[in-house]
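The values are calculated or read from the model by the stated rules, or taken from the named source; none is laboratory data. As the structure is a computational prediction, the values presented were derived from the model and not from experiment. Counting neighbours? That spans all protein chains shown, and the Cβs are built from the backbone with ideal geometry, glycine included.
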Amino acid sequence: MEFNFKQTINQLLAEITQSTSLLNPVAAESLIQELESAPRIFGYGSGRSGFILRTFCMRLMHLGFTIYYVGETITPRIQPQDLLLVVSGSGETPQSRELLRQARSRGARTVAFTAHPESAIGQEADLTVLIPGTTKLSLAYELESIQCPGSLFEQAAFLFFETVILMLYQRRPGRNRHDVLARHANLE
């Protein structure tokens, strides 16, 4: 079956709409509570999921949160009450799982974003946020998609993160664009 551009993009939008309609608003509120109560936030994800999480981390920094990305040479040690965010569509990514365990053993809180909440990472995190989509596992109960495995998960995660950022921004007293822009990079 041949697709033209307009048909293809409309199919992608339909898939994204289906996936995001399954996101849990209570999970967003729980995440916001975790973010606002953490003295420092750390993020980690592998591959494309990691790139999506980096966009969220950047926006958190723009909003004034103290945030680091695990693996960067300037990332300090995690401490009790800090928060680790881990994104893994499969919920079984070995490095993500190990970092989650290390963070918990050091007294940090943990949040997992995954398409498989029953996975190892989903079961071990303090808070697990279900992001419906497709993963590299291509399990029977995942949403149907014409896209490459993982793409729908990543798109839904991005929109979930952007929604949380907007919710945080809207709750800031005296908020304005200039505060956000003042934290935007100027060495580009």
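Which of the residues spanning segment 100-121 are of a type in the set (A, V, I, L, M), over 18 Å from residue 34 (Cα atoms) and surrounded by 21 or more Cβ atoms within 10 Å (Cβ to Cβ)? Result: 115, single match. Annotation: of all residues in segment 36-55 being more than 12 Å from the chain's Cα centre (by Cα) and either at pLDDT below 95 or not polar (S, T, N, Q) (or both), the one that is surrounded by the most Cβ atoms within 10 Å (Cβ to Cβ) is 41.
Considering only residues that are polar (S, T, N, Q) and in a loop (DSSP other than H, G, I, E, B), look in segment 47-80 and name the one that is farthest from residue 113 (Cα to Cα). It comes out as 73.
For segment 1-46, what are the residues that are assigned to a loop (DSSP other than H, G, I, E, B), out of contact with any Pro (no Cβ under 6 Å at 6 or more places or on another chain) and not small (Gly, Ala, Ser)? Within segment 1-46, 1, 2, 3, 4, 23, 24, 39, 40 qualify. Residue 160 meets the conditions (1) free of Cβ contacts under 8 Å to residues at least 40 places away in the same chain; (2) under 18 Å from the mean Cα position of the chain (by Cα) in every case but one. The failed one is (1). Of the residues making up segment 87-108, those that are out of contact with any Gly (no Cβ under 6 Å at 6 or more places or on another chain), closer than 16 Å to residue 53 by Cβ and of a type outside the set (Gly, Ala, Ser) number 5.
Residue 58 fulfils the conditions (1) free of Cβ contacts under 8 Å to residues at least 12 places away in the same chain; (2) over 14 Å from the mean Cα position of the chain (by Cα) except for a single criterion, (2).
The residues of segment 81-110 that are small (Gly, Ala, Ser), outside any helix (DSSP H, G or I) and either touching a helix residue (DSSP H, G or I) at 6+ places or on another chain (Cβ under 7 Å) or over 14 Å from residue 122 (Cβ atoms) (or both), listed by number, are 88, 89, 91, 107, 108. Could you count how many residues in segment 3-35 are over 30 Å from residue 109 (Cβ atoms) and surrounded by fewer than 14 Cβ atoms within 10 Å (Cβ to Cβ)? Residues that pass the stated criteria total 11.
Of the residues in segment 122-141, none is surrounded by 15 or more Cβ atoms within 10 Å (Cβ to Cβ) and more than 23 Å from residue 44 (Cβ to Cβ).
Residue by residue, here is whether (1) over 25 Å from residue 17 (Cα atoms); (2) among the acidic types (Asp, Glu); (3) modelled with pLDDT under 95 holds:
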{"residue": "90", "(1), (2), (3)": "no, no, yes"}
{"residue": "155", "(1), (2), (3)": "no, no, no"}
{"residue": "161", "(1), (2), (3)": "no, no, no"}
{"residue": "174", "(1), (2), (3)": "yes, no, yes"}
